[in-house]
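Structure, as structure tokens:
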Amino acid sequence: MPIYEFVCQNCHRKSSFLVRDISSSFTPKCSFCGSTKLARAVSSFAYHKSLQTVWEESGEPTMHPSEDYYKRPENIGRWTEKKFQQMGQELPTKVKEEIQAAREGVMPEPLKDL
Ligand SMILES: [Zn+2]
């Protein structure tokens with residue numbers, strides 16, 4: 001059975017669940033505060049894998065000087081990733097999740113009302 005990770009929208013802590021079928025009527029509940037407002041978390045493994053794929057397919061940002069480059073969904077957050085990489089730091093999990101979500105078409109909360 002696959003393990004799914006969810007981040008609580010209330011206390012922002014991560015809970016893991018064994019879910020037989022994610023498409024069924026499964027309602028995750030926060031293990032810490034009991035809230036049912038949970039969002040799927042992107043596992044670090046899946047993130048690294050997809051990031052690797054993105055880089056392999058699109059190459060370095062500097063190879064694409066056109067201004068459309070950063071508007072493409074798969075390039076959202078690329079600049080941020082590069083900055084962190086240059087500083088030799090890991091992206092915070094929260095940032096990773098937002099970038100991943102944005103690439104999948106989900107804008108971070110503060111941008112929705114723009
Ligand atoms: Zn919670």
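Within the stretch 1-41, the set of residues being within 16 Å of the ligand (Cβ to nearest atom), among the aromatic types (F, W, Y), modelled with pLDDT under 90 and more than 18 Å from K96 (Cβ to Cβ) comprises F17 only.
Restrict the check to the stretch 69-78 and report whether at least one residue is in a helix (DSSP H, G or I) and modelled with pLDDT of 80 or more. Yes, the stretch 69-78 has at least one match. Only a single criterion out of (1) at pLDDT 90 or above; (2) of a type outside the set (S, T, N, Q); (3) on the phi < 0 side of the Ramachandran plot is not satisfied by A46, namely (1).
The values are calculated or read from the model by the stated rules, or taken from the named source; none is laboratory data. Just so it is clear, the model here is predicted, and its values are computed rather than measured. All Cβ positions, glycine included, derive from the backbone under ideal geometry; neighbour counts span all protein chains shown.
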